[in-house]
Each structure stands twice: as structure tokens, then as C-alpha cells.
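What follows is one structure encoded as C-alpha cells, with my remarks underneath.
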Amino acid sequence: MNKPRHKGPDMRKIVILTGAGISAESGLGTFRDEGGLWSQHRIEDVATPEGFARDPELVHRFYSARRQQAAEAQPNAAHLALAQLEQRWAGEVVIVTQNVDGLHEAAGAHNVLHMHGTLGGALCAACAHQWQAPMEMTLETTCPACGAQQARPDVVWFGEIPYHMEEIISHLEEADLFASIGTSGQVYPAASFVQEAAANGADTVELNLEPSEISRAFGVRHFGPATEIVPKWVEGLLTGGNA
Ligand code: APR
């Protein structure tokens, strides 16, 4: 049911979904582009609980390498533009990211929900304690709470439930504007967020290098590198309120 919208254009609630494409120009690989991570590793080997059970050392090496890379990466103009929007927009801005890097926070954004977890997090498979991951996580990494040596990256693997879903759904219900940036729209539930937001009356915009699998679901689309189209889009919102 569409809620009556009494807010002025600059008071609107903006919910932004980001994917690997927003971090591509910071030097972090995407998954499904040419040469992407899923062309170098099989998902079932490094991004499933079964793969971790089968060969935990391989999985630790995969995530430790990505953790190191992400730690050395800098936020780019797109991350910085979203942090500016959060700071300068009168209404609420929520970033829901599929990314496990910390570049939104490094750019100064605060209201960030990591639905697929973070490379910076460690999770104990024995007691579910969460702590700051060591740069190099190994089979010997010990849980500070229970002492077990069953640490795993605190990232959400295929077949596992994404984090913050209840909170994300309620943000989508309240969104006046939903933007999707740098995602191929191939992984659910993130790929369904545009329908959820549109069904609740939100305007929708896709910003991506090229049309994603779900491009047709968006009212407005901007194509190009994130470092070019995202700052322009943010400027347009801050100066005129257009999506
Ligand atoms: N600027 C904007 N968009 C870009 C750029 C760029 N410089 N480079 C690539 N893209 C776009 C690609 O066109 C593609 O649509 O980013 C998207 C990246 O898609 P994927 O590699 O599929 O990454 P993502 O959509 O984030 O994957 C979702 O899948 O494997 C899981 O958990 C993993 O969070 C990930 C999820």
C-alpha cells in the first residue's frame, strides 16, 4: 500500500544498495565481470559452508588475500559521494551493501548495513562469538571467547541467511527513493529489493557500468563508471532533488 508522501523532495528517505562495481575502481575485483573472482575460484570451493568444511585452509587463504587487498584499497569518488550525500541530505540515507570491504566507512559513511558480512570480521563456528579478524586468519586462529580454533570469516556464504534482513525490509518499505549501484542483480535477496521498494511507492534508479539483469525494473538508469556517474547523481540530488 503506498503511504502518503508529505515530505519535501529533500526530506525523502533514500535507500542505496551497492555491489562490487562500486569498489572496482578502488582496485577490488568484482565477481562476474571478465576475469572476476568467480572466474578464478569456484564458488562452491570458497564461498559455501561445504567448501569451508572440505578445505578450510583454501578458504582462509582466499579471504586473507582479499582482506589484505581491501585493507590497502582506498575509497573512490563514488564512495565519497555517497558519504557526502549521507552528510548533506536532510532526509535519511541508508547504504545496504553486498560488499565485504570497508570502503563506505573509510569514505565517511556511517549508516551502512553489510548484508553479506565483512572481511574485517571473524566468527567462531563453535560459539558464534564475533571479533575483529586478524589480517591472516588460519586454522590456528583462536576464539577469544571460547578458545576454540574454529574461526571463519564473518561473511555470508551461499546458502546462508544474509545479515540485517528485517531492518533492510523495513527500510525498503519506507524508502522514497531506491538506488542500486554497481551490482549485476544476479544474487537474491538483494536483487529483489528494487521490486520491494517500488511496490511501496519508491522511485527507483540504477547506476551501473552497463545494464544489469534487473535493469528493466528501474524507473531511471545511468550507465558508466561509478566514479563518474555517482558523483553526478549525488550532485543532481543535492542541487535539485532529481533522481
Ligand atoms: N562502475 C560501475 N559499475 C561497475 C564497474 C564500475 N567501474 N565495474 C563493474 N561494474 C558493474 C558490473 O557491470 C556488474 O553489473 O558491477 C557489477 C558487478 O557485478 P558482480 O560481479 O556480480 O558483483 P555483485 O553484484 O556485487 O555480486 C553480488 O554475489 O558472489 C556474490 O557475495 C557476492 O556480494 C556478492 C554478490
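In this structure, SER215 does not qualify as within 29 Å of GLY8 (Cβ to Cβ) and among the small types (Gly, Ala, Ser).
For the range 21-56, which positions are outside any loop (DSSP other than H, G, I, E, B) and under 20 Å from GLY224 (Cβ atoms)?
GLY21, ILE22, ALA24, GLU25, SER26
One residue alone among GLY36, GLY27, GLY19 is surrounded by fewer than 16 Cβ atoms within 10 Å (Cβ to Cβ), within 12 Å of the ligand (Cβ to nearest atom) and closer than 30 Å to GLN150 by Cα, and that residue is GLY36.
Quick check on the range 138-149. Is at least one of its residues among the polar types (S, T, N, Q) and surrounded by 22 or more Cβ atoms within 10 Å (Cβ to Cβ)? Within the range 138-149 (the criterion being among the polar types (S, T, N, Q) and surrounded by 22 or more Cβ atoms within 10 Å (Cβ to Cβ)), the answer is no, since none of the residues qualifies.
Output yes when any residue across the range 84-94 is more than 16 Å from the ligand (Cβ to nearest atom), more than 26 Å from ASP176 (Cα to Cα) and touching a residue at least 24 places away in the same chain (Cβ under 8 Å), and no when none is. No.
Those helices (runs of 4 or more DSSP H) of the range 147-243 in which at least 1 residues are within 15 Å of the ligand (Cβ to nearest atom) and hydroxyl-bearing (Ser, Thr, Tyr), considering only elements entirely within it, cover 226-240. Residue-level check: of (1) within 24 Å of PRO9 (Cα to Cα); (2) part of a strand (DSSP E or B); (3) over 16 Å from the mean Cα position of the chain (by Cα), LEU123 misses just (1). Figure legend. Inter-residue proximity from the range 111-138: first residues of a type in the set (Val, Ile, Thr), second residues assigned to a strand (DSSP E or B) and more than 16 Å from the ligand (Cβ to nearest atom), beta-carbon distance below 9 Å, spacing 6+ or different chains. Indicated pairs: VAL112/VAL94; THR138/ALA151. Working carefully through the options PHE62, PHE52, find the one that is away from the ligand (no atom under 13 Å from the Cβ) and aromatic (Phe, Trp, Tyr). Answer to the selection: PHE52. Just one of the listed residues (GLN84, GLN69, GLN74, GLN98) is within 18 Å of the chain's Cα centre (by Cα), exposed (fewer than 14 other Cβ atoms within 10 Å of the Cβ) and either within 20 Å of THR227 (Cα to Cα) or modelled with pLDDT under 95 (or both), namely GLN74.
The values are calculated or read from the model by the stated rules, or taken from the named source; none is laboratory data. Predicted model, so just to flag it, every value in this text is computed and none were measured. Don't worry about glycine lacking a Cβ; one is built from the backbone with ideal geometry, like all the others, and counts go over all protein chains shown.
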